[in-house]
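Worksheet: the structure to be examined is printed underneath.
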Amino acid sequence: MTNRTQALSKMFEKINIHGKILQLLKAFLNPNILQIVTNDNETIHITQTIGVPQGNCLSATNFIIDTADLFDNLRNNGVEVGGYADDIAFYHTNPELIQNALRELHTWCLRNGMVVNVIKTKMMKFRGGGRLKKTDGFEYDGQKISIVNTFTYLGVTFQSSGTTFTKHIESRLAQIASTQHVFNDLHLLSITNALNLFYMKLAPIMEYGIKALWTHLTTTQLQDIDKALTGFLKKVCRLARNSKNRIVLTICDTPSFVNAIKKKYNLPDTPSYETYVSILCEKMQGIDSDLFTTPSMP
């Protein structure tokens with residue numbers, strides 16, 4: 001829990017926050033009164049002097065300010081540090097430095113009145129393969145930290161290889177499938193409106209973090225990404241699940257999802273993408289020309 005007095009002291013002395021902004025933050029951190037009301041029962045009034053108000057828009061900002069010196073302390077121990085709001089990750093190729101950083105974290109928490117949730121804290125070793133060493137383990141305040149092979153951090157699912165994102169693509173596809181269930185009567189939409197709906201509501205789920213992941217994606221993963229759009233359009237057109245994706249794209253007169261993403265973010269050509277394009281072009285050229293004379297085509 002944030003020590004409010006100490007947090008204000010840091011703002012003034014270490015970060016040089018003063019004037020009206022400091023007064024605003026001071027008012028935000030003044031003691032507040034809590035009471036729980038359930039049916040006809042009421043608790044006594046409780047004065048809160050530690051922590052930050054739950055749900056307040058300044059709570060995350062205050063936490064970042066309060067932990068700014070922690071980042072400096074961890075970096076001084078030799079590790080690389082990254083964080084967002086109350087999620088902090090540090091890493092290094094030297095396990096000894098990581099263990100030293102964990103000790104520094106514990107010391108800092110004792111000094112600042114905060115507690116690390118060791119159960120939620122995870123360790124992952126990025127490696128080319130093989131088993132973990134017996135020495136591949138870390139402790140925080142005498143408690144062992146769990147070792148995992150996959151971990152989702154800030155919306156991206158990492159795997160122990162470090163550059164494989166199969167699980168991430170799978171989780172994004174599952175989230176898209178779950179989200180599109182809230183859309184009723186998709187078949188009543190025109191193709192144009194359906195595509196607008198997809199790119200407004202569903203595409204951002206897959207596009208999240210795509211710039212950072214793009215150069216690591218395999219041809220198979222790119223093909224899996226395409227399934228998000230073709231699967232959606234099959235529902236719109238009331239086509240069977242096993243309908244050919246290339247036929248769906250042709251009927252709807254739309255580029256593949258991967259090509260749309262690449263164009264939108266101006267992503268570079270990669271060997272995986274070039275292979276993906278070659279396979280897609282071959283499949284598109286294999287479409288029976290009679291399809292274009294059927295009533296389904298405009």
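The table below lists the values:
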read-out: Selection count where residues are open to solvent by less than 40 Å² (accessible area, probe 1.4 Å), in a helix (DSSP H, G or I) and touching a strand residue (DSSP E or B) at 6+ places or on another chain (Cβ under 9 Å), scope the range 152-185; value: 3
read-out: Residues within the range 92-114 that are exposed (fewer than 15 other Cβ atoms within 10 Å of the Cβ) and within 20 Å of residue 153 (Cα to Cα), tallied; value: 1
read-out: Residue 133 being open to solvent by 70 Å² or more (accessible area, probe 1.4 Å) and outside any helix (DSSP H, G or I); value: yes
read-out: Residues located in the range 78-115, provided they are in a loop (DSSP other than H, G, I, E, B) and at pLDDT below 90; value: 85, 86, 113, 114, 115
read-out: Verdict on residue 202 being free of Cβ contacts under 8 Å to residues at least 40 places away in the same chain, open to solvent by less than 40 Å² (accessible area, probe 1.4 Å) and closer than 16 Å to residue 230 by Cβ; value: yes
read-out: Scope the range 64-104; condition under 22 Å from the mean Cα position of the chain (by Cα), among the acidic types (Asp, Glu) and more than 16 Å from residue 126 (Cα to Cα); matching residues; value: 86, 87
read-out: Condition broken by residue 86, with the remaining ones in (1) out of contact with any strand residue (DSSP E or B) (no Cβ under 9 Å at 6 or more places or on another chain); (2) surrounded by fewer than 15 Cβ atoms within 10 Å (Cβ to Cβ); (3) farther than 22 Å from residue 17 by Cα satisfied; value: (3)
read-out: The range 136-151, subset more than 15 Å from the chain's Cα centre (by Cα) and hydrophobic (A, V, I, L, M, F, W, C), residue most open to solvent (accessible area, probe 1.4 Å); value: 147
read-out: Boolean, residue 197 is touching a residue at least 12 places away in the same chain (Cβ under 8 Å), out of contact with any helix residue (DSSP H, G or I) (no Cβ under 7 Å at 6 or more places or on another chain) and surrounded by 14 or more Cβ atoms within 10 Å (Cβ to Cβ); value: yes
read-out: Helices (runs of 4 or more DSSP H) contained entirely in the range 212-289, each with at least 1 residues that are over 22 Å from the mean Cα position of the chain (by Cα), closer than 14 Å to residue 169 by Cβ and not aliphatic (A, V, I, L, M); value: 219-237, 271-285
read-out: Counted residues, the range 29-47 - those being part of a loop (DSSP other than H, G, I, E, B) and either among the small types (Gly, Ala, Ser) or open to solvent by 90 Å² or more (accessible area, probe 1.4 Å) (or both); value: 5
read-out: Some residue of the range 122-144 being within 15 Å of residue 213 (Cα to Cα) and among the polar types (S, T, N, Q); value: no
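The values are calculated or read from the model by the stated rules, or taken from the named source; none is laboratory data. Not measured: the values here are computed from a predicted model. Neighbour counts are summed over all protein chains in view; Cβ atoms, including those assigned to glycine, are modelled from backbone coordinates with ideal geometry. Protein only, heavy atoms only, side chains kept; ligands, DNA and RNA dropped before computing areas. Shrake-Rupley method; radii C 1.70, N 1.55, O 1.52, S 1.80 Å.
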